[in-house]
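Q: Sharing a structure, written as structure tokens. Questions coming.
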Amino acid sequence: ENRSSAKARKLSSIKALFKYLVNKRGYLAVNPAANIDSPKKKKALPKYLTLEESVTLLETVAADRDSPHRVRDYAILTLFLNCGMRVGELVSINLQDIDPQLRSLRVVGKGNKERMVYLNDSCKTAIKRYLEVRPHEGLTAESKNALFISRNHKRISPRTVEHIVTSYIKKAGLDG
């Protein structure tokens, strides 16, 4: 059985084919698929972690002795759990966006909208610890200002952050 997204994709292909047959080839006078409505897509609700699950997730990161990026990953997850920011906002944070006393940081959201995010003690501690181990050597020119650095010494990508979050959720056993 097809989900509504698969049905919409297939219907789009059929509409494009008939549009081509009518407009480009002239095989048909009328597009028979033109007035078919696409199925409505169901919007998935965001998944939230309880306080206990959040603590478990952070403990899992802190206990991951095999990861050379444990401190960075802990800071990323702490900011996500405490500040309610989007992935794009997190990866675009620059060093100069952080208040020198670590009270707040400036994030640029959707539509280039800027906002201030005030940091609680756990965020301050996580960022401070990360800044102590953040690489400074071998960074590309565009990455020198980035807060979060990937293992390739570049600004961390949204895809990498998604991978970090999902892998730790699995390690913590919270993916069920």
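The values are calculated or read from the model by the stated rules, or taken from the named source; none is laboratory data. Nothing here was measured: the structure is a model prediction, and the numbers come from that model. All Cβ positions, glycine included, derive from the backbone under ideal geometry; neighbour counts span all protein chains shown. Surface areas here come from the heavy atoms of the whole protein model, side chains and all, with no ligands, DNA or RNA. Shrake-Rupley method; radii C 1.70, N 1.55, O 1.52, S 1.80 Å.
Q: Considering every residue within the stretch 70-79, establish whether at least one is open to solvent by less than 80 Å² (accessible area, probe 1.4 Å) and over 20 Å from the mean Cα position of the chain (by Cα).
A: Applying the first criterion (open to solvent by less than 80 Å² (accessible area, probe 1.4 Å)) to the stretch 70-79 yields 70-79.
Remaining after also requiring over 20 Å from the mean Cα position of the chain (by Cα): none.
No, there is no match, as no residue in the stretch 70-79 is open to solvent by less than 80 Å² (accessible area, probe 1.4 Å) and over 20 Å from the mean Cα position of the chain (by Cα).
Q: State which residue pairs qualify: first residue under 16 Å from residue 58 (Cβ atoms) and modelled with pLDDT of 90 or more and inside the stretch 161-176, second residue among the charged types (D, E, K, R) and open to solvent by less than 40 Å² (accessible area, probe 1.4 Å) in any location, beta carbons under 8 Å apart, and separation of 6 or more residues or different chains.
A: What qualifies is 164/73; 168/64; 168/73; 171/64.
Q: Search the stretch 55-81 for residues that are within 15 Å of residue 128 (Cα to Cα) and pair each with any residue that is basic (Lys, Arg) and open to solvent by less than 50 Å² (accessible area, probe 1.4 Å) when their beta-carbon atoms are under 9 Å apart and the residues are at least 6 apart or on different chains.
A: 71/134; 72/134
Q: Which ones in the stretch 151-160 are free of Cβ contacts under 8 Å to residues at least 24 places away in the same chain, open to solvent by less than 100 Å² (accessible area, probe 1.4 Å) and in a helix (DSSP H, G or I)?
A: Result: 160, single match.
Q: Here are some conditions: (1) surrounded by 15 or more Cβ atoms within 10 Å (Cβ to Cβ); (2) among the hydrophobic types (A, V, I, L, M, F, W, C); (3) within 27 Å of residue 163 (Cβ to Cβ). Residue 11 meets all but one. Which one does it not meet?
A: In the conditions (1) surrounded by 15 or more Cβ atoms within 10 Å (Cβ to Cβ); (2) among the hydrophobic types (A, V, I, L, M, F, W, C); (3) within 27 Å of residue 163 (Cβ to Cβ), residue 11 misses (3) alone.
Q: Quick one: residue 67 ticks every box in (1) under 28 Å from residue 168 (Cα atoms); (2) open to solvent by less than 40 Å² (accessible area, probe 1.4 Å); (3) part of a helix (DSSP H, G or I) bar one, so which box is it?
A: (3)
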